[in-house]
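The values are calculated or read from the model by the stated rules, or taken from the named source; none is laboratory data. From a predicted model like this one, the values you see are computed outputs, not experimental measurements. Glycine also receives a Cβ, built like all others from the backbone with ideal geometry; neighbour counts cover every protein chain displayed. The accessibility values were calculated without ligands, DNA or RNA, using every heavy atom of the protein model including side chains. Shrake-Rupley method; radii C 1.70, N 1.55, O 1.52, S 1.80 Å.
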Amino acid sequence: MKQLIIDAEAENELSESVAFYERRLLGLGLEFERAAREAVESIQLNPQRYPFRKDGTLRLVMERFPFVIHYIDLPDTIWVLAFAHAKRKPGYWRRRL
């Protein structure tokens, strides 16, 4: 299995989103975090499973929550660039490339 690196800004996005959902409903933030971690594990197990984009990144669209995980599959590493809300600021994370 490849090494996984989560960009510091992506980690912040995840933490902020967990806190947001937890404020909305007790336990929902933890459910979101669990779903995100499971999605990342799925990426790590089979990084080529998800669609390529023209910019060379790949993306996993989360099922229950409106988030897209953008990442790059490098020879020895998977680099998670963003936990991006599907309805906000499209493409803002591209500066991390």
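Does the stretch 52-61 contain any residue that is in contact with a helix residue (DSSP H, G or I) (Cβ under 8 Å, 6 or more places away or on another chain) and hydrophobic (A, V, I, L, M, F, W, C)? The answer is yes, given that some residue of the stretch 52-61 is in contact with a helix residue (DSSP H, G or I) (Cβ under 8 Å, 6 or more places away or on another chain) and hydrophobic (A, V, I, L, M, F, W, C). Sort out which residues of the stretch 11-26 are more than 13 Å from residue 84 (Cα to Cα) and either among the small types (Gly, Ala, Ser) or assigned to a helix (DSSP H, G or I) (or both), and write them in order of number. 19, 20, 21, 22, 23, 24, listed by residue number. Given the residues 81, 74, 58, which is the only one that is aliphatic (A, V, I, L, M), open to solvent by 30 Å² or more (accessible area, probe 1.4 Å), under 21 Å from residue 94 (Cβ atoms) and at pLDDT 95 or above? Criteria check complete, one pass: 74. Scanning the stretch 84-97 for residues that are basic (Lys, Arg) and in contact (Cβ under 8 Å) with a residue 24 or more places away in the chain, we see that the one that is most open to solvent (accessible area, probe 1.4 Å) is 94. Applying the condition of being over 12 Å from the mean Cα position of the chain (by Cα) and not aromatic (Phe, Trp, Tyr) to the stretch 35-53 and asking which residue is most open to solvent (accessible area, probe 1.4 Å) yields 49.
Within the stretch 23-52, being within 30 Å of residue 75 (Cβ to Cβ) and in contact with a Ser or Thr (Cβ under 9 Å, 6 or more places away or on another chain) holds for 33, 36, 49, 50.
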